[in-house]
């Protein structure tokens with residue numbers, strides 16, 4: 001079976017590395033959509049070397065690794081990478097015009113970040129995600145969250161957001177043809193929340209918030225520049241090399257798509273960009289309703305939940321660590337969606353005083369029985385840290401695993 005990759009940005013390039021390493025697909029067809037440099041040799045050089053992860057040969061085979069790109073054919077647009085045939089298409093950028101059908105590609109991963117709306121028709125001006133289906137693909141995976149332009153319009157029935165290991169059981173091979181692999185942040189967050197939801201239930205989680213301390217992305221500027229007309233966020237044009245930049249994240253909304261129980265929990269998500277190339281951190285704050293004054297939720301309780309989850313069902317994706325990590329330690333760290341930093345997890349339990357007259361949904365009989373006596377509710381706040389490699393180690397790897405899962409369902 002062949003796989004198609006649309007786009008050679010960060011996730012497109014690293015997805016190519018990942019699939020070359022896995023060798024699940026017989027051929028990889030990459031649509032670049034334009035000429036690169038002086039021809040195929042320049043394109044292959046950008047694939048062979050990476051400022052963050054080094055040479056692909058060393059990444060594949062360690063310090064003994066050498067050149068793994070061979071058999072380059074400029075006319076055919078092909079080369080072998082570590083023995084895997086890779087074909088490069090350099091003519092079309094609109095998904096409906098890409099020659100997937102002619103190249104025998106039925107499964108496509110779109111990594112451009114340009115086509116994120118599953119509601120748009122294939123012939124939409126400028127291109128659309130559904131154009132891949134018209135061009136011959138049977139299923140399309142988006143390496144980003146869906147982003148619907150028309151507010152209030154629901155996600156179509158043939159589209160689904162999936163985080164492998166969280167809600168992949170919802171994937172129906174017969175009806176879901178457009179699949180979003182969510183985002184790196186949502187994937188990490190899902191594995192931080194899921195063990196807590198399973199242990200406590202959504203009813204005991206009063207509220208939650210998170211901040212992702214996130215590495216730079218290609219959307220940011222190397223040096224300060226003048227914003228475009230109509231720009232509302234002037235920080236996006238400030239130098240990523242010199243600043244900590246406040247920005248936004250859609251992780252809260254996307255999380256509800258893969259963990260529906262989160263819809264009943266007040267949740268906020270924020271993002272801070274920092275001057276690193278990859279390696280990010282989620283700081284998760286959760287307020288729980290504790291059992292009692294004598295039996296509060298404590299640090300060891302939280303850590304034990306994660307230890308057991310990392311050793312059990314979630315072991316392929318979740319790791320618990322008692323080491324003192326820094327962000328560079330998890331760059332390229334394989335397979336894990338989230339690495340819990342156990343040393344820094346901490347809890348505090350206090351008591352919230354509630355005036356029963358302000359409680360909604362309480363009947364008059366219950367109000368009279370309680371009277372005006374104040375109620376005390378034990379509340380535990382927990383702060384939990386989760387590392388993730390937002391590029392190769394965490395996200396590109398899990399996206400590759402999801403791609404192979406879908407490919408197996410298509411056989």
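The values are calculated or read from the model by the stated rules, or taken from the named source; none is laboratory data. Everything quoted here is computed from the prediction, not taken from an experiment. All Cβ positions, glycine included, derive from the backbone under ideal geometry; neighbour counts span all protein chains shown.
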Inside segment 309-354, can you point out the residues that are farther than 19 Å from residue 389 by Cα and in contact with a helix residue (DSSP H, G or I) (Cβ under 8 Å, 6 or more places away or on another chain)? 309, 345, 346, 347
Selection from segment 74-113 of residues more than 26 Å from residue 180 (Cβ to Cβ) and without any contact (Cβ under 8 Å) to a residue 40 or more places away in the chain yields 74, 75, 76, 77, 78, 79, 80, 102
Just checking: which of the strands (runs of 3 or more DSSP E) contained wholly in segment 44-90 hold 1 or more residues that are buried (at least 18 other Cβ atoms within 10 Å of the Cβ) and out of contact with any strand residue (DSSP E or B) (no Cβ under 7 Å at 6 or more places or on another chain)? none
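Residues being touching a strand residue (DSSP E or B) at 6+ places or on another chain (Cβ under 8 Å) and either closer than 30 Å to residue 318 by Cβ or surrounded by fewer than 21 Cβ atoms within 10 Å (Cβ to Cβ) (or both): count how many of those fall in segment 130-154. Steps first, answer last, please.
Taking segment 130-154 as the starting set, the residues that turn out to be touching a strand residue (DSSP E or B) at 6+ places or on another chain (Cβ under 8 Å) are 130, 132-133, 137-146.
Checking which are either closer than 30 Å to residue 318 by Cβ or surrounded by fewer than 21 Cβ atoms within 10 Å (Cβ to Cβ) (or both) leaves us with 133, 138-146.
Going through segment 130-154 one residue at a time, the tally reaches 10.
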Scan segment 296-316 residue by residue and report those that are within 18 Å of residue 187 (Cα to Cα), in a helix (DSSP H, G or I) and without any contact (Cβ under 8 Å) to a residue 60 or more places away in the chain. 310
Members of segment 360-408 that are surrounded by fewer than 13 Cβ atoms within 10 Å (Cβ to Cβ) and at pLDDT 90 or above: 408
For segment 253-282, which positions are within 17 Å of residue 155 (Cβ to Cβ), surrounded by 18 or more Cβ atoms within 10 Å (Cβ to Cβ) and touching a helix residue (DSSP H, G or I) at 6+ places or on another chain (Cβ under 8 Å)? 254, 255, 258, 259, 262
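Take segment 167-192 and flag every residue that is in a loop (DSSP other than H, G, I, E, B) and crowded, with 22+ Cβ neighbours inside 10 Å. Steps first, answer last, please.
Taking segment 167-192 first, the residues in a loop (DSSP other than H, G, I, E, B) are 167, 171-177, 181-183.
Hits for segment 167-192 are 181, 182, 183.
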Residue pairs, Cβ under 8 Å, 6 or more apart or interchain, first in segment 204-225 and closer than 17 Å to residue 345 by Cβ, second modelled with pLDDT under 95 and loosely packed, with under 14 Cβ neighbours inside 10 Å. List them. 208/266; 208/268; 209/268; 210/268
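Given the criterion loosely packed, with under 13 Cβ neighbours inside 10 Å, under 21 Å from the mean Cα position of the chain (by Cα) and not in a strand (DSSP E or B), identify the matching residue among 218, 195. Spell out how you get there, then give the answer.
On the way: 195 fails: loosely packed, with under 13 Cβ neighbours inside 10 Å.
From the options 218, 195, the qualifying one is 218.
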